[in-house]
Amino acid sequence: SKIEVKENQPVAVGDVLFRLDDKPFRLALARADAQLGSTRNDLLASQANYRDIQAQITQAQNDIDYYTVAFKRQQQLATNNFTPQASFDSARRDLQVAQQKLASLKQQSAGLEATLNGAPAADVETYPRYREMLAARDEAARQLDHTTVRAPIAGVATKVPSLRPGQYLAASTASIAIVATDHVWVQAQPKETE
């Protein structure tokens, strides 16, 4: 998008040589930031769901204890014909429903625990899914930073006219050369008589 040096201009390490159009890279960074935030929210929601399910498991276990006592009471009463069969059947159904609910909650808990890598109380930043999104965000930031091309060495900029604003540069394409001036090297092959 912009060339910052002229032909044969001396440059120091870190001087800006040219700038690439950074709009696609800014958009990629914004997208990566959004995905990182979304992943963080998903993991926090999974942790909250896990805690909620643990509370429901505790309640379901208490319900099973209660319905077990009620079922045994109804069973004794039914054996002596002191209660209607419907009460006994209702107590048995309540106990079975509570047992099925507990089994379902335990399966949900195991699934969430697997999603949270077996550490449901860990910091969100330690989960692999979050670290993967963080790495993608860092890569997008690195690529955005590389839209400003800087001189890697001190020297003189050459081949500048071969680069024009609006020109498409493929990745790893040589564009501007810098001839180092720190270490002058003269190569000569004189004849032995000269």
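The values are calculated or read from the model by the stated rules, or taken from the named source; none is laboratory data. As the structure is a computational prediction, the values presented were derived from the model and not from experiment. In this analysis, Cβ positions are derived from the backbone assuming ideal geometry, glycine residues included, and neighbour counts consider all displayed protein chains. Side chains included, ligands, DNA and RNA excluded: accessible areas come from the protein's heavy atoms. Shrake-Rupley method; radii C 1.70, N 1.55, O 1.52, S 1.80 Å.
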Specify which of the listed residues (Arg26, Arg31, Arg40) is assigned to a helix (DSSP H, G or I) and either in contact with a Phe, Trp or Tyr (Cβ under 7 Å, 6 or more places away or on another chain) or under 30 Å from Leu105 (Cβ atoms) (or both).
Arg40
Restricting to segment 65-84, give me the number of residues that are β-branched (Val, Ile, Thr), touching a helix residue (DSSP H, G or I) at 6+ places or on another chain (Cβ under 8 Å) and modelled with pLDDT of 90 or more.
1
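Here's a check for you: in segment 145-181, which residue that is part of a strand (DSSP E or B) and of a type in the set (S, T, N, Q) is farthest from Lys2 (Cα to Cα)?
Step by step, filter segment 145-181, then rank; the result is Thr158.
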For segment 63-72, state whether one or more residues are of a type in the set (Gly, Ala, Ser) and either touching a Ser or Thr at 6+ places or on another chain (Cβ under 8 Å) or not in a loop (DSSP other than H, G, I, E, B) (or both).
yes
Please indicate, with yes or no, whether at least one residue in segment 150-158 is free of Cβ contacts under 8 Å to residues at least 40 places away in the same chain, small (Gly, Ala, Ser) and surrounded by fewer than 16 Cβ atoms within 10 Å (Cβ to Cβ).
no
Restricting attention to segment 85-102, and to residues there that are open to solvent by 80 Å² or more (accessible area, probe 1.4 Å) and more than 46 Å from the chain's Cα centre (by Cα), which single residue is modelled with the highest pLDDT?
Arg92
Report the residue count in segment 5-20 for those that are open to solvent by less than 90 Å² (accessible area, probe 1.4 Å), within 15 Å of Thr158 (Cβ to Cβ) and assigned to a loop (DSSP other than H, G, I, E, B).
4
Which of the residues spanning segment 106-135 are in contact (Cβ under 8 Å) with a residue 40 or more places away in the chain and open to solvent by less than 50 Å² (accessible area, probe 1.4 Å)?
Ser109, Leu112, Leu116, Pro120, Val124, Tyr127, Tyr130, Met133
